[in-house]
Structures are given as structure tokens and as C-alpha cells.
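First up is the structure itself, then whatever we jot down about it.
The values are calculated or read from the model by the stated rules, or taken from the named source; none is laboratory data. This is a predicted model, so every value here is computed, not measured. Here the Cβ is made from the backbone with ideal geometry for all residues, glycine too, and neighbour counts use every protein chain on show.
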Amino acid sequence: MPAYDNTSLVSGADQTVCVTGAGGFIASWLVKLLLEKGYTVRGTLRNPEDPKNGHLKELEGAKERLTLHKVDLLDLKSIQSVIHGCHGVFHTASPVTDNPEEMLEPAINGTKNVIIASAEAKVRRVVFTSSIGTVYMNPNTSRDVVVDESYWSDLEHCKNTKNWYCYGKTVAEQSAWDIAKENQVDLVVVNPVLVLGPLLQSTVNANTYVLMLPCTVVKLLKFWPSIFLSIHFLPSVQMKRIQG
Ligand SMILES: NC(=O)c1ccc[n+]([C@@H]2O[C@H](COP(=O)([O-])OP(=O)(O)OC[C@H]3O[C@@H](n4cnc5c(N)ncnc54)[C@H](OP(=O)(O)O)[C@@H]3O)[C@@H](O)[C@H]2O)c1
């Protein structure tokens, strides 16, 4: 696996950024990278005392520049207090599940709260980790087209197929854009397909776990046949983890 290259990133000295869901797979790498570049990082967690988040405290620069905050994304006040004074926000926290009761409220209202708090704090930029699931889950989208920001998943289709993850992420992203436009927030949305690789944390994250299940592969092939190549390397990645 190629090593990541962070040499082109600007220095983060004197800049404070917030990373929501800091203990997650993607967020942990983000925190590591930001600390390496000199940023002061405020990580939000549901439970900072949970041993599964212990790896964050071991990161280089963590002792000096990382603080971990217990935040309930559904409580605007709790997220406001952490984002206040930040130059930037990386919003990655989200359930990764098709259970509508677990998925919808935190994904949608949690994201709304993050954008509202960012607007109030006048942060310079918000980067929201959305998903290809907000773009591609639409029976009217030809599998041959290159999708861009003008494409959206079809909410009725998501509902009918009980794809509550894509439904929640789609509504969350649409709400994020609406609130950002109303409040002049500089919002950047990233729509990853599959993000796999070495885990910094001691537990397997939801996405990696779900993606390893044979039934997931069948589901992906059914709904997204054209991304098969993207998951093709998955067993070899897993083998490397086992050997490591
Ligand atoms: N990995 C991928 O292939 C992929 C692809 C497309 C999009 N994404 C998106 O990228 C982001 C990060 O994904 P990941 O793969 O790094 O997943 P992950 O390791 O499961 O991380 C998800 C994070 O969200 C937090 N979270 C879950 N439910 C929450 C809730 N109800 N309230 C507050 N926080 C909650 C988790 O905290 P706990 O540790 O407390 O559960 C965890 O920190 C997500 O928004 C996901 O939708 C990932």
C-alpha cells in the first residue's frame, strides 16, 4: 500500500480545527495528519473515556495539541461550545447503518447542528464527509455516466429499497448545502466510494466490518454493479491486515 504524502499541505501552526467523530477510521487518519502539520485539533467523541479511542492520545503531537470533547451531535449547545473559536471543521461523524432509528436523526440533525454551529462561529471552511450514496442511488441514472454535483440519489428509491444509510446521508448533505448557502458557510463536500486501509484504532470500524460481509458484496453488486472494481481488492487488503 503506498504511503500517504502530506508534504504539499500548508502548515497548521496557530490554526485550530474541529474533527467530529475523531475516533472513527477516516477521522483518526485526519487527526493524525492535522497534528503532523501543526494544527491544534479539537476532536469530538460520544465517549472520550472509551478505550477504543485511546489511540488518539498516542498520536504524535496529541499531548500538546489534541483535546477530546464529549459531544452529543443532537445537542446544538454541546457542538457549539467545541466549534466556537475554530478556524475549520471536518465533519465525519455519522452512523453507518441501514437501521433508520439509528441512522436518520444523528446523520441529518447532527449534520445540521454542525453547519449551524460553524456558521455562528464564522469558521473559515467546513469539510463534510458525505458519500457516493448521496449521488448514485437512483434508478434513472445510467451506470455509464460520470456523476457530478448535479446528480442526487432518489429519496423514494432509497426508502423503497430500505437503504436508510443512503437516504440519511442524502438528506444530510442536501440540508448541509441549504444551511451553508443561507449562512454563507464555505462548505466542501467529499463523496467517497469505499475508503479502506490500515486502521489506527484497535476496533474494526463499521464500514470495514460491513464491507467484509458476503451479503454486502451481493447487495453492492445488485445496486452498484459498476463499483465492483472498487471493492475487488478488499480481500487482499484484509489479508495484509491479518498478516500485519
Ligand atoms: N469508510 C468508507 O468507505 C466511507 C465511504 C463513504 C463515506 N464514508 C463516510 O465517512 C465518514 C466516516 O466513516 P468511517 O468509515 O471512518 O466510519 P467509522 O469509523 O464508523 O466512524 C464513524 C464515526 O461516527 C461516529 N458516530 C456514529 N454514530 C454516531 C452518532 N449517533 N452520534 C455521533 N457520532 C456518531 C462514530 O463514533 P463512535 O466511535 O462513538 O461510534 C465514529 O467516530 C462517515 O460520515 C461515512 O458516512 C465512509
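Computed quantities for the displayed model
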| item | result |
| --- | --- |
| Some residue of the stretch 21-33 being surrounded by 14 or more Cβ atoms within 10 Å (Cβ to Cβ), modelled with pLDDT of 95 or more and over 17 Å from Thr92 (Cβ atoms) | no |
| Subset of the stretch 81-110 (residues that are in contact (Cβ under 8 Å) with a residue 40 or more places away in the chain, not in a helix (DSSP H, G or I) and not hydroxyl-bearing (Ser, Thr, Tyr)) | Gly85, Cys86, His87, Gly88, Val89, Phe90, His91, Ala93, Pro95, Val96, Asp98, Asn99 |
| Scan of the stretch 67-83 for residues that are away from the ligand (no atom under 14 Å from the Cβ) and under 24 Å from Asp14 (Cβ atoms), ordered by number | Thr67, Gln80, Ser81, Ile83 |
| Condition met for Val127 (among the aliphatic types (A, V, I, L, M) and in contact with a Lys or Arg (Cβ under 7 Å, 6 or more places away or on another chain)) | no |
| Selected residue [closer than 15 Å to Ile179 by Cα, buried (at least 19 other Cβ atoms within 10 Å of the Cβ), more than 12 Å from the ligand (Cβ to nearest atom) and not aliphatic (A, V, I, L, M)] from Ser118, Ser153 | Ser118 |
| Glu64 vs. criteria acidic (Asp, Glu), more than 14 Å from the ligand (Cβ to nearest atom) and either in contact (Cβ under 8 Å) with a residue 40 or more places away in the chain or part of a helix (DSSP H, G or I) (or both) | yes |
